[in-house]
Amino acid sequence: MTDNPFPAGSYPDDVAVIHHEDKTLLLVGTAHISQESADLVDEIISRERPDVVCIELDEKRFSALSNPKRWENLDLKQIIKNKQLSTLLVNLVLASYQKKLGGKLGIQPGTELLTAAKAARGHNIPIELCDRDVRVTLRRAWKSTSFFKKGYLAATLIASLFDDTELDEEKLAELRKKDVLSEMMEDIGQALPAAKHVLIDERDVFMAENIKHAPGKRIVAVVGAGHMEGIQRVISTDNSALMEEINTIPPLSKGWKIAGWSIPAAILLSIVIIGFRQGANEAYANAYYWILANGIPSAIGAVFALAHPATIISAFAAAPITSLTPVIGAGYVCAFVQVMTRPPVVKEFEAVGTDIATFRGWWQNKLLRIFLVFILTGLGSSIGTWVGGYRIFTNLFA
C-alpha cells in the first residue's frame with residue numbers, strides 16, 4: 001500500500017468507501033465517455049496501490065477494448081452457427097451509441113476502464129474482471145421481455161442510432177459526469193422493468209459478490225456511475241446463492257417448445273388431411289402455395305438487402321423448409337450464405353461503428369448488409385408463414 005493515501009474524508013464524491021468484514025472496498029463511479037473519470041481512476045489506483053483492481057468488464061468486452069484489431073479474429077460463420085447474430089448486433093448498436101457521444105466529448109468509450117487496467121499493470125497489481133458475460137446479460141434481458149414489449153426494446157435501441165440531437169455545453173458537462181449507457185438502460189427500465197432488472201439490478205448483485213470476494217484486504221473497483229447506488233445497497237447482503245441463477249440463460253419453456261413445433265405440425269397435418277378429403281391435386285396445390293408464400297417474401301427481403309444472387313436463391317429455397325422447424329430460421333441460413341459469398345473486409349468491421357448510424361451505411365457496409373439479410377429474410381419468412389398457414393387452414397375447414 002502507498003505511503004500517501006487520500007486523507008480520511010478527502011475522497012471525491014465519485015468514490016465510495018465500504019468496509020466489509022476485514023476488507024476496505026473503494027468503489028470508483030465513472031462515466032464511460034469521460035476523461036475526468038479516466039484521470040480519477042489513474043489517480044486513485046496510483047495513490048492507493050490496492051491489493052487488486054476490479055473492473056466492470058467481462059472477458060469478451062475487455063478483449064474488445066484491449067485489442068483494436070479484434071475484428072481480424074472474428075469468425076462470423078461460427079457466430080451464425082451459434083445463433084449469436086442478434087447478440088452481436090445489439091453489442092454493435094450499444095457500442096455505436098457510446099462512440100457517437102464519445103466523439104462529441106473527444107474521448108473513446110471505455111477509456112477509464114482501460115486506464116484502470118493499465119494503471120494496475122503499471123504497479124503490478126492483479127486485475128479482476130467483475131462483470132457478467134455480456135452475452136448472458138443480453139439474452140436474459142431478451143427472454144425476460146414480453147413478446148409485445150420486445151418491439152419497444154428493439155425500437156429504442158434503433159432510435160438511439162439515429163438520434164442527431166445537438167449537445168450544448170451544459171449537456172456535454174452533464175454527460176461527462178454520468179455513466180451514459182446506464183442512463184440509457186434506466187430510461188428503458190421505466191417502460192420495461194423486467195429488462196431493467198436484468199440489465200442493472202442483476203449486474204449490481206453479480207459485481208458486488210465478485211468485488212467483495214476478490215483477493216486482498218484493500219480493493220479498488222471501477223464501475224459505471226449507474227451501478228454505484230445498487231452495489232452499495234446489496235454488497236452487505238450474502239447473495240452468493242443467486243450467482244448461478246443470474247449467470248445462466250433460462251432454457252426455453254416447454255410451452256414455447258410445444259408451440260414452436262405445433263404450428264409446423266399443424267401445417268403438415270392439414271395438407272395431409274386435405275389430400276385425403278379433396279384429393280392429391282389439392283394437397284399439392286396447398287403445398288405449392290406454402291412454398292411460394294414463404295419463398296417469395298423471404299427472397300424479396302434478400303433483394304431489398306441487396307444480397308448476393310446466391311443468397312436470394314437460398315432465401316426462396318430455405319424459407320418454406322425453415323418455417324416448418326423452430327430449430328433454425330431462414331435469416332440464419334441466408335446470413336451464412338451471404339458471409340460465404342460476400343464476406344466483409346477488415347476496414348468495414350472498423351467502420352461499422354460509424355456506418356451503423358446512417359441508413360446508407362447499412363447497405364454500403366458488407367457486415368451491416370449481413371444483418372439486413374438476416375432481418376429482412378427472416379421477416380419475409382414470418383409473413384409467409386402466416387399467409388400460407390391462413391390459406392391452408394381456410395382450405396382445410398372450407
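Quick note: the coordinates plus some simple rules give every number you see, no bench work behind them. If you're wondering where the values come from, they're calculated on a predicted model, not measured in any experiment. Don't worry about glycine lacking a Cβ; one is built from the backbone with ideal geometry, like all the others, and counts go over all protein chains shown.
Annotations
- Near Asn124: Cβ cut-off under 12 Å, other residues only, Lys/Arg at +1 and Asp/Glu at -1. The net charge is +1.
- This ranking places Glu209, Glu43, Glu245 by how few other beta-carbon atoms lie within 10 Å of each, fewest first, which gives Glu245, Glu43, Glu209.
- ³J(HN,Hα) computed for each position of the range 136-144 - Karplus, 6.51 cos²θ - 1.76 cosθ + 1.60, integer Hz, glycine/proline x: 5, 4, 5, 6, 5, 5, 5, 5, 7
- Residue exposure sequence - Thr358, Thr30, Thr394, Thr322 - by fewest surrounding Cβ within 10 Å: Thr394, Thr358, Thr322, Thr30
- For Tyr11, Tyr284, order by how many other beta-carbon atoms lie within 10 Å, fewest first: Tyr284, Tyr11
- Segment Ser66..Gln84, full-extension length gain: 4.3 nm, with 0.36 nm per residue of separation and the alpha-carbon distance subtracted.
- Over the range 254-397, the alpha carbon radius of gyration divided by the compact-protein estimate 2.2 N^0.38 Å works out to 1.21.
- Charge tally for Phe336 (other residues, Cβ to Cβ under 10 Å; Lys, Arg +1; Asp, Glu -1): +2.
- Dipole magnitude (debye, nearest 20) for the range 197-261, charges at Cβ of Lys, Arg, Asp, Glu: 140
- Length gained on full extension, Leu292 to Asn239: 13.7 nm, using 0.36 nm per residue less the C-alpha separation.
- For Gly224, distant residues with modelled amide H under 5 Å away: Thr30
- Peptides 331-339, 265-273, 14-22 ordered by average Cβ neighbours within 10 Å, highest first: 331-339, 265-273, 14-22
- Distant-in-sequence amide H partners of Glu128 (H built 1.01 Å from N, under 5 Å): Val53, Cys54, Ile55
- Karplus-based coupling profile of the range 40-47, in residue order and whole Hz: 5, 4, 4, 5, 4, 5, 5, 8, with θ = phi - 60° in 6.51 cos²θ - 1.76 cosθ + 1.60 and x standing for Gly or Pro.
- Cβ-based net charge around Tyr289, under 14 Å, with every Lys or Arg adding one and every Asp or Glu removing one: 0
- Violating pairs (Cα-Cα greater than 23 angstrom) within the set Lys81/Lys196; Lys143/Lys257; Lys60/Lys83; Lys77/Lys118; Lys23/Lys196: Lys81/Lys196; Lys77/Lys118; Lys23/Lys196
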